[in-house]
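S.K.: Handing you a structure now.
The values are calculated or read from the model by the stated rules, or taken from the named source; none is laboratory data. All values derive from a computational prediction rather than experimental measurement. Don't worry about glycine lacking a Cβ; one is built from the backbone with ideal geometry, like all the others, and counts go over all protein chains shown. Note: areas computed on protein heavy atoms with side chains; ligands, DNA, RNA excluded. Shrake-Rupley method; radii C 1.70, N 1.55, O 1.52, S 1.80 Å.
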Amino acid sequence: MRIARIAHAGGTAHAVLDGDTAEVIADPFGAGGAAGGAAGRAPVRLGPRLPLAEVRLLAPVQPRTVVGMAHNTGPADRELPPQAFLKPARSVIGPDEPVYLADGIGRVDAEAELAVVLAASPAGHTPDTVLRTVFGWTVANDVTARDLQRNDPLWTSAKGHPGFTPLGPWIETALDDPDDTEVALALDGVPLRPASTRELARGVAEILCYLGGFLPLGPGDVILTGAPGEYGPLRPGGHAAATITGIGTLTTPVPAGPVPAGGPR
């Protein structure tokens, strides 16, 4: 099932996408929603059904916490201890929303990653049970200012600029095998080397158990699992397209002009 956040003539809402329509549902991460502390509950359908042509897709979730996994991009990282970093929730943007590159920021890379959207806290779970806390899966672009990253051991300046966490285009609640699904990235229409999440140092269950051991997480929070494939630099006037098999494609334009007065919107 595909669940999105949409903007329409009546405001904003969550919706189930079905063919060329979007059916409005209750907020799945709020009181009375579908998450309710466990994955797999049916959405609360409110209606109406809206033509997709009359809605705009937003970031599919508004997390309170966004977590990324450091050194989890290949088998060699298994030799390092697990480590997480935080990205500002306010850095989240949706499909087709622009990322502006600030003057003097240096190289800024796009990284295509599988993102986990939680239905409940993973605290106290084991690898055998922790996937019950997953609400669904979405595509993430972990935008990273590479030059800043070298000078900031906490990665705050490298990962935290406005728009540096594109998510979307929707949440897929059923993914055949999150630990073996293809992740691909194309920059300005040129595909880079894809890879499977199988190549990550740590799989989803291990990541969730690690984070659940110390980090307060809850419904609607998002975890970026790592970029198994090739990444590359964003260029003004270009765009990035991150694709995950079984979910879809997240497109992010990079305007050539200056950052708007007052910052990105």
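S.K.: Just for segment 95-114: of the residues that are part of a loop (DSSP other than H, G, I, E, B) and under 12 Å from Pro253 (Cβ atoms), which one is most open to solvent (accessible area, probe 1.4 Å)?
M.R.: By that ranking, first place goes to Asp96.
S.K.: Tally up the residues in segment 122-131 that are open to solvent by less than 40 Å² (accessible area, probe 1.4 Å) and either in a loop (DSSP other than H, G, I, E, B) or basic (Lys, Arg) (or both), please.
M.R.: Counting residues in segment 122-131 that are open to solvent by less than 40 Å² (accessible area, probe 1.4 Å) and either in a loop (DSSP other than H, G, I, E, B) or basic (Lys, Arg) (or both) gives 2.
S.K.: Separate question: So which residues in segment 139-174 are of a type in the set (Lys, Arg) and open to solvent by 30 Å² or more (accessible area, probe 1.4 Å), if there are any at all?
M.R.: Arg146, Arg150 - these are the residues of segment 139-174 that are of a type in the set (Lys, Arg) and open to solvent by 30 Å² or more (accessible area, probe 1.4 Å).
S.K.: Report every pair of residues separated by at least 6 positions or lying on different chains whose Cβ atoms are under 9 Å apart, first residue within segment 218-240 and more than 24 Å from His125 (Cβ to Cβ) and hydroxyl-bearing (Ser, Thr, Tyr), second at pLDDT 95 or above and surrounded by fewer than 17 Cβ atoms within 10 Å (Cβ to Cβ).
M.R.: Tyr231/Leu192
S.K.: Confirm whether Leu187 is free of Cβ contacts under 8 Å to residues at least 60 places away in the same chain and of a type outside the set (Ser, Thr, Tyr).
M.R.: no
S.K.: Please return the ranges of strands (runs of 3 or more DSSP E) entirely within segment 39-93 where 1 or more residues are within 29 Å of Ala195 (Cα to Cα).
M.R.: Output list reads 56-58, 66-70, 83-87.
S.K.: Could you check Gly218 against (1) open to solvent by 20 Å² or more (accessible area, probe 1.4 Å); (2) closer than 17 Å to Arg132 by Cβ; (3) touching a strand residue (DSSP E or B) at 6+ places or on another chain (Cβ under 9 Å) and say which number it fails?
M.R.: For Gly218, the failing item is (1).
S.K.: Here's something else I'd like to know. When segment 132-164 is examined, which residues are found to be touching a Ser or Thr at 6+ places or on another chain (Cβ under 8 Å), in a strand (DSSP E or B) and farther than 18 Å from Pro95 by Cα?
M.R.: Of everything in segment 132-164, those that are touching a Ser or Thr at 6+ places or on another chain (Cβ under 8 Å), in a strand (DSSP E or B) and farther than 18 Å from Pro95 by Cα turn out to be Phe135, Ala145.
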